[in-house]
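What follows is one structure encoded as structure tokens, with my remarks underneath.
The values are calculated or read from the model by the stated rules, or taken from the named source; none is laboratory data. Since the model is a prediction, treat every value here as computed from it, not as a measurement. Here the Cβ positions follow ideal geometry from the backbone for every residue, glycine too, while neighbour counts run over all protein chains shown. The accessibility values were calculated without ligands, DNA or RNA, using every heavy atom of the protein model including side chains. Shrake-Rupley method; radii C 1.70, N 1.55, O 1.52, S 1.80 Å.
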Amino acid sequence: MKKILFYGALLAMPVITLLSSCSEEKDDFRGEGRVFINTAISSDVKVVSRDASEDLASSCIVWISSEKGLVRKYEGINNVPADGIKLVGGRYIAEAWAGDSVSASWDARYYKGRQEFTVTSGDVTVNLQCKIANVLASVKYAASVDDALSEYKMTVSHDRGSLTFEGKDSRVGSFMMPSTDKNLAWKLEGKDFKGNAFVKEGVIENVQPAHQYVLNVQYTPSSSSSGGGYLTIEVDDTEVVIKDEITIVSAPQISGYNFDIDQQIVGEAGNVGRYSVIVAGATGLKSVILASDDLAPLLAISGNDVDLLNMTDDIKNSLDAKGLDFIYTYDAENDLSTLKVNFEEILTATLAEGEHVFKFKATDKNGKFTSKDLKILVSNASVSANATIDYEVWPTSVTLRGNLLKSDATNPVFKYRKAGESSWTTVAASVSGNTFSAQVTGLTPGTKYEYATACDGYESSDVKLFTTQAAATIPNGDFETWNTSGKAYLLAADESSMFWDSGNHGSATMNKNITQPESAIKHGGNYSAKLQSQFVGIGSIGKFAAGNAFVGKYLNTEGTDGVLGWGRPFTSRPAALKVYVKYTPGTVAYTSSDVPGVAKGDKDKGIIYLALLDGTTQSYNSYSFPVIVKTKASTRQLFDKNASNVIAYGEKIFTEATSGEGLIEVTIPLDYKKTNVIPSNLMIVCSASKDGDYFVGGNSVMYIDDMTFVYE
């Protein structure tokens, strides 16, 4: 129930108060310290595409923070609570971001806003204005330019990106300015009337967000008989203004009042209780269809569906008498609507044993619709089992959950077995209110299991299934596959099959591979990977490079600096990483002011670290990876183990040489920061010099081999 208003792409997000009768306490939606956020996103771009508006709505991130840090975060407008955000009294800051933050783009726009507010008591409305954060640029050519130049193009750029306007390209480019660069550089290239190369360059200094800079290119022929003329470039600076207004309304929302409508309701026959469903629209509702095979026998009506907003008073009164009543309220001033549908106890008490499904389909006056099912399971059983939750199913464990359906049910347990086996294993459960749960461990990865519930004097015949997560392996984790036919050695048969990569693509420009296969020192098979930190260059020209291997891809070399994409698709959840390592630290010979704790003569340190990441990605040119790393000092961008996309993290820092002549076994546990998210990507980084991102370290060597995951 969010409204999206576009004022030339103006996005407004009213989170409205639910409207209903306050004649009884159970229908009162008011409460202390609720915050409603109105978010508007302003731009010069006229948005007429429904897909474009929905992309903005889904990309919008709303943060609320206090002096103690972040207290609420919502990704996507539809995930902001429709009934307000409950906060304790205090001072807060609301921030919002939407769109795509791209260094340079023809079509991506980015918006951001910030507003301080105070919560005391009651309801608080926060008006959060988001403005375009891009710097815009375009080029206009006078007709006379064609008399002086041909094959011309204009390139506009900053430190992190550029756009090239070919010929009389009328598009408007968008730039997100990096903190290290406040200027836009421009470069006009072409051929003069003699066919010679022509280049003219300049800088637009101190560009401002929400401003468009138009480069006007003009040619003035000389009045002299010798010909020639003057080519000038003038820059117009115009603040972005709102031009158009388009209103796009998101689909209605259907939710349970004080319960999760996506979860099945379980109750004892005759004692299910009262439940209410809320249908909220960001405009007027046209119809709300309720359909169920139970309607005719329960409500004494013909047919199995009814339109709650379009019925005669006689039918409405009949539904009220049977225990299905509803309240519809429309706020004409704000064009907001709310329907509350109550399934009273006199209705739910008549439900027979079994599952009952009530289907809602809400359509607003713009034709947008949403559907949801309310599922009620009525049972005379003493206990029942719930379906497992995806993120609670691990490779070797699972959380099983159930419901106490009778007040006299005691000592609930779960029984489970591999699907198809005859004997059960029983595990005791912990009781909390009317629910109980148990953690089952020691399971086999990638295996289908059956489970059911029981208690004193009762065993359920309702058998449910779950399948444990697969125990995924690490491609080429034994480092047996290499391609050394090219200048840069690959940790794969070819580029199309790469899972691992290294800094060889950069060091090979100086005819060195800092990561190589090693056959003499290994744990098993034919090879290990030898990571050797060293100076790469000729004489004093070059740079220190850490021997490394990482899961991902080497994307580009910028001067003597690298751009890396870290992470590959991966959805398992291991407990730890096991790897065989031999490490010999060198003496630090290369330092940086960015790493103040390391001095020349210190002993170097090595590191292996890994992370499980969610599906969030970053972009570089045409590449998209979970993590983009840039080592150039002016644009440095490194991995942050505390970033919001990190689900689990583990590391091992080597401060001394490993013992013995061979490789030793090292286990790196994973610390799960989030257990309610299934990962989308895996990142592993091995470096012979821990501070190699800053080009700090010495001539250290790390051998790695037979890398596997531990599942327990």
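If you go through segment 690-705 one residue at a time, do you hit one that is surrounded by fewer than 15 Cβ atoms within 10 Å (Cβ to Cβ), farther than 25 Å from Glu480 by Cβ, modelled with pLDDT under 95 and not basic (Lys, Arg)? No: segment 690-705 contains no residue that is surrounded by fewer than 15 Cβ atoms within 10 Å (Cβ to Cβ), farther than 25 Å from Glu480 by Cβ, modelled with pLDDT under 95 and not basic (Lys, Arg). Take the conditions (1) free of Cβ contacts under 8 Å to residues at least 40 places away in the same chain; (2) open to solvent by less than 60 Å² (accessible area, probe 1.4 Å); (3) under 30 Å from Asn526 (Cα atoms); Glu495 misses just one of them, which is (2). Filtering segment 78-124 to residues that are under 29 Å from Thr617 (Cβ atoms), modelled with pLDDT of 85 or more, part of a strand (DSSP E or B) and of a type in the set (A, V, I, L, M, F, W, C) leaves Ile93, Ala94, Ala104.
Is it the case that some residue within segment 481-488 is farther than 30 Å from Met683 by Cβ and buried (at least 18 other Cβ atoms within 10 Å of the Cβ)? So far as segment 481-488 goes, no, none of its residues is farther than 30 Å from Met683 by Cβ and buried (at least 18 other Cβ atoms within 10 Å of the Cβ). Applying the criterion of being within 27 Å of the chain's Cα centre (by Cα) and part of a loop (DSSP other than H, G, I, E, B) to the residues of segment 460-496, the residue that is nearest to Glu712 (Cα to Cα) is Ala471.
Within segment 352-368, work out how many residues are part of a strand (DSSP E or B) and closer than 22 Å to Val272 by Cβ. Steps first, please.
First pass over segment 352-368, keeping only residues part of a strand (DSSP E or B): 354-364.
Cutting the leftovers down to closer than 22 Å to Val272 by Cβ gives us 354-360.
Count: 7.
Within segment 441-461, which residues are of a type in the set (Gly, Ala, Ser) and open to solvent by less than 40 Å² (accessible area, probe 1.4 Å)? Scanning segment 441-461 gives Ala452, Ala454, Ser460. Close Cβ contacts (under 7 Å, 6 or more residues apart or on different chains) running from residues in segment 130-154 that are on the phi > 0 side of the Ramachandran plot to residues that are open to solvent by less than 70 Å² (accessible area, probe 1.4 Å) comprise Glu151/Gly190. Of the residues making up segment 525-538, those that are surrounded by 18 or more Cβ atoms within 10 Å (Cβ to Cβ) and outside any strand (DSSP E or B) are Tyr527, Ser533. Scanning segment 297-351 for residues that are more than 42 Å from the chain's Cα centre (by Cα) and assigned to a helix (DSSP H, G or I) yields a count of 15.
Scanning segment 349-370 for residues that are open to solvent by 80 Å² or more (accessible area, probe 1.4 Å) and more than 30 Å from Lys406 (Cα to Cα) yields Lys361, Lys365, Asn366, Phe369.
Residue by residue through segment 365-389, note down the ones that are out of contact with any Lys or Arg (no Cβ under 7 Å at 6 or more places or on another chain) and polar (S, T, N, Q).
Just the residues of segment 365-389 that are out of contact with any Lys or Arg (no Cβ under 7 Å at 6 or more places or on another chain), to begin with: 366-368, 370, 372, 374-381, 383-384, 388-389.
Of everything in segment 365-389, those that are out of contact with any Lys or Arg (no Cβ under 7 Å at 6 or more places or on another chain) and polar (S, T, N, Q) turn out to be Asn366, Thr370, Ser379, Asn380, Ser384, Thr388.
Of the residues making up segment 617-636, just one is hydrophobic (A, V, I, L, M, F, W, C), touching a helix residue (DSSP H, G or I) at 6+ places or on another chain (Cβ under 9 Å) and open to solvent by less than 70 Å² (accessible area, probe 1.4 Å), namely Val629. The criterion of at least 3 residues that are in contact with a Ser or Thr (Cβ under 9 Å, 6 or more places away or on another chain) and modelled with pLDDT of 90 or more is met, among strands (runs of 3 or more DSSP E) falling completely within segment 160-268, by 161-166, 173-175, 184-192, 211-221. Number of residues in segment 325-348 that are surrounded by fewer than 16 Cβ atoms within 10 Å (Cβ to Cβ) and among the aliphatic types (A, V, I, L, M): the value is 3.
Checking the condition open to solvent by less than 20 Å² (accessible area, probe 1.4 Å) and touching a strand residue (DSSP E or B) at 6+ places or on another chain (Cβ under 8 Å), which residue from Ala387, Ala409, Ala419 passes? Break it down stepwise before answering.
Working: Ala387 fails: open to solvent by less than 20 Å² (accessible area, probe 1.4 Å); Ala419 fails: open to solvent by less than 20 Å² (accessible area, probe 1.4 Å).
That would be Ala409, the only listed residue that is open to solvent by less than 20 Å² (accessible area, probe 1.4 Å) and touching a strand residue (DSSP E or B) at 6+ places or on another chain (Cβ under 8 Å).
Results for (1) over 22 Å from Val629 (Cα atoms); (2) at pLDDT 95 or above; (3) open to solvent by 10 Å² or more (accessible area, probe 1.4 Å), shown as yes or no for each residue.
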{"residue": "Ser502", "(1), (2), (3)": "no, yes, no"}
{"residue": "Ile514", "(1), (2), (3)": "no, yes, no"}
{"residue": "His523", "(1), (2), (3)": "yes, yes, yes"}
{"residue": "Ser540", "(1), (2), (3)": "yes, no, yes"}
{"residue": "Asn548", "(1), (2), (3)": "no, yes, yes"}
{"residue": "Tyr554", "(1), (2), (3)": "no, yes, yes"}
{"residue": "Gly565", "(1), (2), (3)": "no, yes, no"}
{"residue": "Pro574", "(1), (2), (3)": "yes, yes, no"}
{"residue": "Val581", "(1), (2), (3)": "yes, yes, no"}
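Which members of segment 548-598 meet the condition of being farther than 30 Å from Val393 by Cβ, outside any strand (DSSP E or B) and basic (Lys, Arg)? If the condition is that a residue be farther than 30 Å from Val393 by Cβ, outside any strand (DSSP E or B) and basic (Lys, Arg), then no residue fits.
What single numbered condition from (1) within 30 Å of Glu558 (Cβ to Cβ); (2) among the aliphatic types (A, V, I, L, M); (3) open to solvent by 50 Å² or more (accessible area, probe 1.4 Å) fails to hold for Ala657? Ala657 satisfies all of (1) within 30 Å of Glu558 (Cβ to Cβ); (2) among the aliphatic types (A, V, I, L, M); (3) open to solvent by 50 Å² or more (accessible area, probe 1.4 Å) except (1). Val393: open to solvent by 30 Å² or more (accessible area, probe 1.4 Å) and among the β-branched types (Val, Ile, Thr), yes or no? For Val393, the condition - open to solvent by 30 Å² or more (accessible area, probe 1.4 Å) and among the β-branched types (Val, Ile, Thr) - is not met.
Here Asp640 fulfils each of the conditions (1) within 15 Å of Leu612 (Cβ to Cβ); (2) touching an Asp or Glu at 6+ places or on another chain (Cβ under 9 Å) apart from (2).
For residues that are over 27 Å from Asn380 (Cβ atoms) and open to solvent by less than 50 Å² (accessible area, probe 1.4 Å), tally how many sit in segment 257-315. Number satisfying all stated conditions: 17.
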